[in-house]
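Have a look at this one before I ask anything.
Just so you know, all these numbers are worked out from the coordinates, no wet-lab data involved. Note that the structure is a prediction, hence the values are computed from the model and not measured. Every residue, glycine as well, gets a Cβ built from its backbone with ideal geometry; the counts of neighbours run over all protein chains shown.
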């Protein structure tokens, strides 16, 4: 029996109708394409009236297939599937044709765009006739969640979920949670102490009955899919037995090996070979850095082991792999600072008194190596003048084209701290001052009144090549003051470089493990930049904080909470729908060659050794089609993407070249095979 | 290794020491240089500011002269290198101009397809193609004890050239570390020497030259290494005038980097063109290095 197809062409206001003659496309399809029972155009198909049009036609005309030519299926496929469902038609018998993003928005010539829209609609009509009714599947959602990264975003997400009563695994690669926020002195614009507002959250996480904290641990492998992920975590050897350690700190105190702390202290202070990164570390269990420990270097010492009152030191401890099962994963892997050595003309690493912003945070932190005293590298001289350079590695096509967003405010904050703690003159070199959140502009205005000097211009170089006696022994900042329109030289004692915020070096690799992608810059890609900022294209994987893009503390906290809310919702619902668009293997024809087994990016094909055939694990299959095209016997078919559907679609697109009488003699299911 | 060689006018006259030392050093390193037959002047900085089409045609003639046995052209002079490289790029990017240049070349029975010849600076060839292992293996007189200040000038580091960091180049620094010298990492190594400003406004030019001499002097350099004839001329020949103008007493020898590279390779100083510079370099080099063995090689 011939199908009865309903075709609906959307104007989308003028978005489509402005470039495509939608009335003509609808009329043409109704009059010229076989099996079309109804063909209409409508101002906004996605409106409730537009949906009702579809529903009524299905009931009234007994439509068996529906084609909606409108925007991207990303936006409204669900809408029209629901409309079909409401009218009693299986939702997978509806096909959406994108004549907006793929047509009206990208073409200038109205006649050509209309011609293309006809071809696209015709393709969908031919395809939809071969579509089959499918039933979605539902899987249970594991109530546990994995949060990767123990910075402020990850901590917030963890607490939200744990407080709601759900189990959370929090994995952090450093020995303590806290992230970069633990390193800062003050936070803008309120100037409250960073540690004072962070550490209560850290200890809450550390003590929470619903939180399993895995620090000094790395994500190793993720398999499974939304609702039931299987995750392998590598617990790196601390060389301290976690359960035996009381955190007394005697080992740290007695350790004879002092090394430069390039992590927490950003190279400004020292730590021991056995250490906790900072006094408020959570958990209070130290780790041995095997790179610098005397025992690991030359089998001598063991002072920590001898002095530990609970015998918690274990030099033979090995990395351990931990398997966990979770329903959802929140990535909160954070950022790392730009390597300011990449801009050699700013002198970092060559000129002693050039600092990175993170170094300066430690320098003016009361708990830092100088107890908060702002002094030059000689350890005693207070600077009389300080230059703060904005946009180091940000807004720079040679490094990162994006704006790091937070550095203007951080630079203002650091400038304020210099003014507050010293008598130094402060110069801030900026391109544009970006202070666009609540109370930020007010903070800027306040600082303008504090006597800081602002120079609008990109710094050309920081040099010690004096040209005048007054420049001798100083660092000279050369910059065009673009407000005055002149090259100026500013001799100062100290320079602070506001380095860009960059993605973690292994962000891409971590993303691949979870099946999520990165933007060109290396930030995780959200499902929708405006309307779905914490979900990703992979169901069950969410992102929060700076791993998704540069942001400040309030925004990171908001995203952490948002991701937790999304996960909460899924757990409360208990079940998650899985698209029935999956591959199926015809076991009769399967030779058991196993080529498809290794090709599947989701590990969704298993091999039955007894029956000597491969089978698709439906819950894991994403319907990507890799196995379908790889099978040498051609016995794997992809639901909703069968050969028959694809060939029909191609024939439909080429309606003006394709002669129906040729097709009549051709079985669409037969794929040409060369004779043996 | 085999390259077409474009010496340029300066290397035939004021900077003969550069040409002499380039030939001696590359011969010692087993690099074959085949001088272009009948090459002409690159026009320096002046042609381009007068008439772009004429400038491009004149330079393109040199590119067209590179025979089919060579696909790489080496130019030691910074201005020649930049002009040749720029012309190749202009011809590739501006088809209309290329048509006119083609007609000019055709009148002389020549033709050139942009991109056929890869224009390279001498430093790039030594650093990249010859490389550290081959150079280190040939060092017979390490330069230990000699403090050298590499001076890049402003032309060869332009972004178009791509072989070193345009803001803070380091390749010449690295090469002299291979040779055992104490390399002075002074901040003005890519600042301008003033070029032809000496002919236009002496006070401006002298100030630019003074900045370079002063910085190298503050960093206690024994000698400044140049890779551009203009830079060498300005720093060396005007050093006395600069001293007179500012009341300073700089006495810094300015040599081409290939001259000192030749010393490290054990080549006789006479074959390297020493003695042509106004502030004599030989005494300081001999006194800092073990005088007796300098130049005792081939």
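Kindly state, to the nearest 0.05, the FRET efficiency for residue A:630 paired with residue A:323, given R0 = 35 Å and r defined as their beta-carbon distance.
Efficiency, rounded to the nearest 0.05: 0.70.
Compute the orientation-averaged projected area for the range B:43-140 from the convex hull of its Cα atoms and round it to one decimal in nm².
Average of the hull's projected areas for the range B:43-140 equals 7.4 nm².
Return the percentage of antiparallel bridges among DSSP beta bridges fully within the range A:336-502, rounded to the nearest 5 %.
45 percent
Shape of the range A:5-135 from its Cα gyration tensor (a ≥ b ≥ c, root eigenvalues): rounded if a/c is under 1.5, otherwise prolate when a/b > b/c, or oblate?
Here the range A:5-135 falls in the prolate category.
Using a 7 Å offset from the Cα along the Cα-to-Cβ direction at both residue A:537 and residue A:197, what is the distance between the two label points in nm, to one decimal?
For the pair residue A:537/residue A:197, the computed spacing is 3.6 nm.
Quick one: of the DSSP bridges fully inside chain A, what percent are antiparallel, nearest 5?
50 percent
Counting other C-beta atoms within 10 Å, which of A:390, A:399 has the fewest, and how do the rest follow?
Lowest to highest Cβ neighbour count: A:399, A:390.
Could you state the number of Å between the C-alpha centres of the range A:605-625 and the range A:9-54?
If we compute the Cα centre of each part, the gap is 41 Å.
Need one value for B:205-213: mean number of C-beta atoms belonging to other chains within 10 Å of its residues' C-beta atoms.
Mean partner shielding for this stretch: 1.
Relative contact order for chain A using alpha-carbon pairs under 8 Å, separation at least 6, rounded to a whole percent?
14 percent.
Explain nothing, just the number: relative contact order of chain B, from Cα pairs under 8 Å at least 6 residues apart, as a whole percent.
19 percent
With n ≥ 4 as the cut-off for DSSP H runs, can you work out [θ] at 222 nm for the protein assembly as shown, using -39500 (n - 2.57) per run divided by the number of residues, rounded to the nearest 500?
-9500 deg cm²/dmol
Return a whole-number percent for the relative contact order of the range A:2-99, with Cα pairs under 8 Å and 6 or more residues apart as the contact set.
RCO, the range A:2-99: 32 percent.
I need the calculated FRET efficiency for the pair residue B:251 and residue B:72, taking r as the beta carbon distance and R₀ as 45 Å, to the nearest 0.05.
After rounding to 0.05, the efficiency reads 0.70.
Just the number: Rg to Rh for chain A, Cα atoms, Kirkwood Rh, two decimals.
1.07
Using a ≥ b ≥ c from the Cα gyration tensor of the range A:107-185 (square roots of the eigenvalues), is it rounded, prolate or oblate, where a/c under 1.5 gives rounded and otherwise the larger of a/b and b/c decides, a/b for prolate?
oblate
Also, I was wondering about something else. When the chain is fully extended, how far beyond the present Cα-Cα distance does residue B:144 get from residue B:196, taking 0.36 nm per residue of separation?
Working it through step by step, the gained length comes to 15.2 nm.
Let me ask something else. With 10 angstrom as the radius, rank A:97, A:370 by how many other C-beta atoms surround their C-beta, starting from the fewest.
A:370, A:97
Also: Between the range A:441-497 and the range A:169-247, how many Å separate their Cα centres?
Using only Cα atoms, the two centres lie 40 Å from each other.
Roughly what would the spin-label model give for residue A:611 and residue A:263, points 7 Å off Cα along C-beta, in nm?
Result: 4.9 nm between the two label points.
By the gyration tensor of its Cα atoms, with a ≥ b ≥ c the square roots of the eigenvalues, what is the shape of chain B: rounded for a/c under 1.5, prolate for a/b over b/c, or oblate?
oblate
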